[in-house]
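What follows is a set of notes on a single structure, which appears directly below.
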Amino acid sequence: MSGLGDIVRDARVLVAVGPGGVGKTSTSAALAMEAARLGRRTIVLTIDPARRLAQSLGLPEIGNVERAVAPEAFTRAGLAPPSGRLTAMMLDIKQSWDEVVRRHHPDPARRDRLLNNRFYVALSSALAGSQEYMAMEKLHELASRAEDPLDLVVLDTPPSSHAIDFLEAPSKMIDALDNDATRWLLEPFASRGRGGRMSGRLFDLGSSIVVRSIGRFTGLEMLEALAELLSCFQDMFEGFRHRARATQAILAAPTTRFVVVAAPRPGPITEAEQFVRRLEAEKLAVAGVVLNRATPDPFAAVDTTTDAADTAAERARPLLRDALAAIAAERGATADVAALADRLVEAARAQQAEAQAEARLRARLAERLPNLQTWRVPELNADVHSLPALDALRRALVDAR
Amino acid sequence: MDGPVAAADAPGRDLVPDPAGDTDVRRRLDRRFQVVAGKGGVGRSVFAATLARRLAARGHRTLLLEVNAPDSAARFLGVEPAVDAPREVLDGLFLCRMTPAGAMKEYALLVLRFKALYQLVFENRLVKYLLRSIPSLAEFTMMGKVWYHATERGPDGRPRFDRVVLDAPATGHAITMLAVSRLVADTVPGGPMRDAAEKMAALVEDPNDACLHLVTLPEEMPVTEALELDAQRGGRLAMAAGIGVVNRCRSPLLAADEHALVDALAASSDPRLAPFVATARSRAFREALEAEHRARFVRGLGAPVITLPEASGKDGVALTDALAAALDAALGDARTPEGRS
């Protein structure tokens, strides 16, 4: 059974996946921080950071720029600067598309036309699977760069309604843009002759009805603008597919690990299980599941069984009342100590019930996936958006069992 | 929760009670076309259902539209799951579900008129591929359906629905849906789609008839996303503001004068009392965080904000009933009689 510290020490690529809202971004940043502390040159690539997290990492508003978290930032936060190096980058989808087009479009004239195409400008970020695809492109770029090479890339995947989107979305996006259908249907526009609007295959009866009907649906003019966009993209498809394959190879490499970040609650745990099974089906290496924001059991120190805790709570009720009454009397306070005691007991029992429900979910996950490692990270009672808070999360992750 | 609770912390208004303000809130909750948006999981659907039911109870023929999920509204209203066409589920309350595929089919049939032609073209596998690849087309056709029902007239020439409530999909898709009409109107050179888009944009951007309500939880990301949505609303969406709603607000565990007592308890080293101190401490911490997030939302939004209580353990109609009562209380309304007056 390895700890997260070991994983962060040995992996070259760490991909954090999972449902949104369970601390995936903070966990990615905290793990990257640990790697840097271990002497590694580490980058954390975030997609959707809360603004304050970005600020605490020293990231500017603009994206796609790698920024180092300066040693001074650590010392100012009362922390020892890492012996390695921690850098961070915030993915900006629109900028990423522009970069990819600029870098990989083989034809300068058509490239500029693409960058200025009204659809491209408006909709490149709306293209389904765009975020996930761009994360892959960036991962490929960072993991394979020769200059100032990195020891570890920690990728915080985009929040999606289904974490599995991350694996499927890029190829879906490529397929949506580049398939027999789009080529077949848009060929008349792409090869339009001089003088006439349409030419060639459009005069086949079949495609004529089809294209005209679609034209009535979308408006012929829109179809033309879209056709131009798709035809400009066509030149890039081979590159897309080539890099997508290369990124797949990175994801499947023996030094890559997937960490599923979830929480011990029904929805996130179900998704976590689905994701682990999916990763295993793709023969990708799952390090384990982080169960964040776990509710502490107030009676954990007292005893672990429910009955004992029940008894402990009930025995404590009159004790609590008497203690509160004594304190109130001392201060001349007129509080309804019986009601207060009841509320405190109720709240503590409710919290315990939550903690126990979470423990049961974890146990069930272990039953269903016996070879899976899980790490429980207690609720830190802090918004993790400052370097000290990130460091506390780092320690909790490294110590988690 | 029983026990002394400071009035300002009770579920209700985060702003100082203000009779004039209440009228403003009531007006916002009475617009012809209301959109309910927010991050996934904040209680958008239950608020939309509560709102729609309330409008119908006041005598307005109300249509509640939901995207994709066929049984969210059904669960919260205690009725049969939604279908693709408006169906009356409670007195004066109609429910309708939209899916991208369904909306596209309806629109296509409207445009093409002949079912045989539709089948030849749109059920062609290759055409399906193409349509899937046109970004935002799904959102556009769904907005088209929204517009269609919002402006539909009955045989008597009167609007078929007095009020339309759209339970928007989660943040990103909601923005796309609300922005796509203007986008298409400004982008597409001309033709049937552009004409439709202009009309749809006019509905969304109408300052008197339309508004956007933002629902959140007293948590980091939901508030951040709600405020980002609001920025879009005032910016490219050009939509009027409705109200803000913060769901799942817990009453504080301790009253102001009780904190000192519990702190003093900590000083006593009796280990049997430690669990209660620990619980009180972590509750106090969470409550302080939640209060901060609520305050950030109120400050950032500018519009009136209603806070609705945590109704743990409640689901379905019981939850809607609880929220409806809380909403009435927050507005200082007497409880309205069931059914139409």
Give the Cα extents of the range B:199-252 along the principal axes, in whole Å, largest first.
-> 46, 18, 13
Quote the FRET efficiency, to the nearest 0.05, computed for residue A:246 versus residue A:356 with a Förster distance R0 of 51 Å and r equal to the Cβ-Cβ distance.
-> 0.65
Value in Å of the Kirkwood radius, where the range B:228-341 supplies the Cα pairs that are averaged = 17.4 Å
Spherically averaged projected area of the range A:305-369 from its Cα convex hull (nm²) | 4.9 nm²
In order over the range B:234-239: 3J(HN,Hα) from phi, Karplus 6.51/-1.76/1.60, θ = phi - 60°, whole Hz, x for each Gly or Pro, gives x, x, 5, 6, 6, 9
Under a plain spin-label model, where a point goes 7 Å from the Cα along Cα-to-Cβ, how far apart in nm are residue A:168 and residue A:68?
-> 4.3 nm
Given that compact globular proteins tend to follow 2.2 N^0.38 Å, what is the ratio of the alpha-carbon Rg of the range A:242-401 to that value?
-> 1.45
Evaluate E = 1/(1 + (r/R0)^6) for residue A:235 and residue A:144, where r is the Cβ-Cβ distance and R0 equals 22 Å; express this FRET efficiency to the nearest 0.05.
-> 0.45
With r defined as the distance between the Cβ atoms of residue A:371 and residue A:395 and R0 fixed at 22 Å, what FRET efficiency is calculated, to the nearest 0.05?
-> 0.25
Pop out the ³J(HN,Hα) list for the range B:272-283 in order, Karplus 6.51 cos²θ - 1.76 cosθ + 1.60 with θ = phi - 60°, rounded to Hz; leave Gly and Pro as x.
-> 5, 8, 4, x, 6, 5, 4, 4, 4, 4, 5, 4
Work out, step by step, the length gained on full extension between residue B:250 and residue B:119: first 0.36 nm times the residue separation, then minus their alpha carbon distance; give nm to one decimal.
-> 41.8 nm
Quick one: which residues, 5+ away or cross-chain, put their amide H under 5 Å from the amide H of residue A:258? H built at 1.01 Å from N.
-> A:15, A:285, A:286, A:287
Convert each backbone phi in the range A:32-42 into a coupling constant with the Karplus relation 6.51 cos²θ - 1.76 cosθ + 1.60 (shift: θ = phi - 60°), then list the ³J(HN,Hα) values in order as whole Hz, x for Gly and Pro.
-> 4, 4, 5, 4, 4, 4, 7, x, 9, 7, 10
How are the C-alpha pair distances of the range B:146-296 spread across 5 Å bins, as whole percents from the shortest bin up?
-> 2, 8, 13, 14, 12, 10, 8, 7, 6, 5, 5, 4, 3, 2, 1, 0
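None of the figures in this text is laboratory data; all of them are computed from the coordinates on show. In this text, all values refer to a predicted model and were calculated from it rather than measured experimentally. Counting neighbours? That spans all protein chains shown, and the Cβs are built from the backbone with ideal geometry, glycine included.
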